[in-house]
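Below is one structure, written out as structure tokens; comments come after it.
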Amino acid sequence: MTEQIQSNVVGAGIVGLAVALSLQQSGRRVRLFDRGAPGEDTSFGNAGIVSIASIFPEAEPNIWKAIPNMLMRPRAPVAIRPGFLLEFTPWLIRFLRNSTQSRFESNMRSLAALSHRSLEPLEQLLDMAGATDLLRREGMMYVYETEQAFAKAVERCEYRRALGQTYELLNPDELHAIEPALTGSLAGAVRIPGSAFAISPLAISQALFDVFLRQGGEFVQADVTRFETSAGRVNSVVTDQAVDGDEFFITAGAYSNVLTRQLGSPVPLVTERGYHLVLPSPDVEVKNCFICAEKGMAVTPMRDGLRLAGTVEFARLSAPSDDQRAYRLGNAAAKLLEGLNLEDGTPWMGRRPSLPDSLPVISRSPIFDNLYFGFGHGHLGLTQAAITGKLLTALASGIQPEVDVAPYRVDRF
């Protein structure tokens, strides 16, 4: 009888959980490591959107015009924390290099290749966990406050059409008919019928972790400090002791670069901090999830209340949270949802792993033949988790992945 492969996965957020389950499905024994409880770090507080519509990189043409505002207004929807600029500048230069029209379109195609394939594998994992009720498939909307912003969105829908994405353009009356709670002063919306949203991102992580354990998975709650290597292979992961394995996967989100640097594959990863505010008694009925691009905010109805998520703040990994950014989301939402009750809102901050081209790392190590990477998903960890698991399992199994993974290689920088 062939002995089972032992896979060690470092990082138990939504991406690590999806990778672990995919590896289990391929017949491997899987051990999962994390310093905290599975799904309770950044994966806990995302907007909950499985956004098959997310195809546009953050580095878009003319983005340089917005940089002065990021520096001068620390509470703007996109901001750079004062004191972080010098450390941040090398990443920013790479980001701007990705904002040419050709790089924007290339990165867009690579994002679409993942996002368009993201929902089905996630639904398969939830079905296996008996948790399909945690995902709603009502679609999602991008709503716009100004005619100028809506016109730009309509123009960009040509990219969506060219990539085969289904969408609908809504005028203010059509938008109000779908979501009556929204004010009547909006310019319009782009609706993506095929998208879905989670009513509890944490419950999804917990359901996946439960099935992982039921299938024989092992969880080690410990801080991974280093790896032992020899002869072009990783031999063990080290916490308070060395734990051997046959293959190793780094899926540690914003903490991944600390580990990949040790393994000879540093990447320009920074912390893009996101905030949310949960309103337990919003006093308005929101039926759908939607994103208001001008406010940098997603609004998602969840089982513990209305979640307002968003803003982008670049800062050091260890910098304290600025809860006022979360409360400002409430003030912004009150301008969209008349009568919104902001009392007892609970703020939260999480650390998104952000790369300058907005693409994740989904890659075999160029140095160690039994080491694989899956991190850097930015705003799209929940969306791209399950497809990342499928692709990494294919790479580790010597099977041709269903998506060309060359754009996501770890050494592309």
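Below, the figures for the structure above:
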quantity	calculated
Residue within the range 213-220 that is of a type in the set (D, E, K, R) and outside the structural domain of Leu337 (by TED's automatic domain parsing) present	yes
Residue count for the range 258-270, restricted to those that are touching a residue at least 40 places away in the same chain (Cβ under 8 Å) and either assigned to a loop (DSSP other than H, G, I, E, B) or crowded, with 24+ Cβ neighbours inside 10 Å (or both)	7
Residue count, the range 133-184 (criterion: polar (S, T, N, Q) and crowded, with 16+ Cβ neighbours inside 10 Å)	1
In the range 58-76, the residues that are in a helix (DSSP H, G or I) and either under 13 Å from Thr311 (Cβ atoms) or at pLDDT 75 or above (or both)	Ile63, Trp64, Lys65, Ala66, Ile67, Pro68, Met70
Failed item, numbered, when Ala394 is tested on (1) in contact (Cβ under 8 Å) with a residue 24 or more places away in the chain; (2) in contact with a Pro (Cβ under 8 Å, 6 or more places away or on another chain)	(1)
Of all residues making up the range 53-67, the number that are buried (at least 16 other Cβ atoms within 10 Å of the Cβ) and not acidic (Asp, Glu)	7
Of all residues making up the range 124-159, the number that are closer than 18 Å to Ala385 by Cα, among the polar types (S, T, N, Q) and in contact (Cβ under 8 Å) with a residue 60 or more places away in the chain	1
Top-ranked residue of the range 343-356 - restricted to ones that are within 21 Å of His379 (Cβ to Cβ) and part of a loop (DSSP other than H, G, I, E, B), ranked as nearest to the chain's Cα centre (by Cα)	Leu355
Residues of the range 362-376 satisfying the condition of being assigned to a strand (DSSP E or B) and either buried (at least 21 other Cβ atoms within 10 Å of the Cβ) or among the β-branched types (Val, Ile, Thr) (or both)	Ile362, Ser363, Leu371, Tyr372, Phe373, Gly374, Phe375
Hey, Arg81 touching a helix residue (DSSP H, G or I) at 6+ places or on another chain (Cβ under 8 Å), farther than 30 Å from Asp404 by Cβ, at pLDDT below 95 and of a type in the set (Lys, Arg) or not	no
Flag for Arg307 being closer than 29 Å to Ala18 by Cβ, crowded, with 20+ Cβ neighbours inside 10 Å and touching a helix residue (DSSP H, G or I) at 6+ places or on another chain (Cβ under 9 Å)	yes
Pairs where the first residue, in the range 219-248, is at positive phi and the second is part of a loop (DSSP other than H, G, I, E, B) and modelled with pLDDT of 95 or more, C-beta under 8 Å, 6+ apart	Gly232/Ile367; Gly232/Phe368; Gly232/Asp369
Residue within the range 281-290 that is surrounded by 23 or more Cβ atoms within 10 Å (Cβ to Cβ), assigned by TED's automatic domain parsing to the domain that holds Gln324 and of a type in the set (A, V, I, L, M, F, W, C) present	yes
Within the range 286-336, tally of residues that are part of a strand (DSSP E or B) and farther than 30 Å from Pro193 by Cβ	2
Some residue of the range 216-225 being part of a loop (DSSP other than H, G, I, E, B), touching a strand residue (DSSP E or B) at 6+ places or on another chain (Cβ under 6 Å) and among the aliphatic types (A, V, I, L, M)	yes
Check on Ala333, at pLDDT 95 or above, small (Gly, Ala, Ser), closer than 15 Å to Thr183 by Cβ and buried (at least 24 other Cβ atoms within 10 Å of the Cβ)	yes
Helices (runs of 4 or more DSSP H) fully within the range 106-204 counting 1 or more residues that are farther than 23 Å from Ala334 by Cβ and out of contact with any strand residue (DSSP E or B) (no Cβ under 9 Å at 6 or more places or on another chain)	119-128, 147-162
Among the residues listed as Leu359, Leu340, Leu392, the single one being surrounded by 18 or more Cβ atoms within 10 Å (Cβ to Cβ) and in a helix (DSSP H, G or I)	Leu392
Tabulated pairs, the range 20-45, first in contact (Cβ under 8 Å) with a residue 24 or more places away in the chain, second among the basic types (Lys, Arg) and not in a loop (DSSP other than H, G, I, E, B), C-beta under 8 angstrom, 6+ apart or interchain	Ser22/Lys390; Asp41/Arg351; Thr42/Arg351; Thr42/Arg352
Conditions (1) among the charged types (D, E, K, R); (2) modelled with pLDDT of 95 or more; (3) surrounded by 14 or more Cβ atoms within 10 Å (Cβ to Cβ); number of the one not met by Asp127	(3)
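The values are calculated or read from the model by the stated rules, or taken from the named source; none is laboratory data. What you see is a predicted model, and the numbers here were worked out from it, not measured in a lab. Quick reminder, even Gly has a Cβ in these numbers, built from the backbone with ideal geometry, and neighbours come from all protein chains shown.
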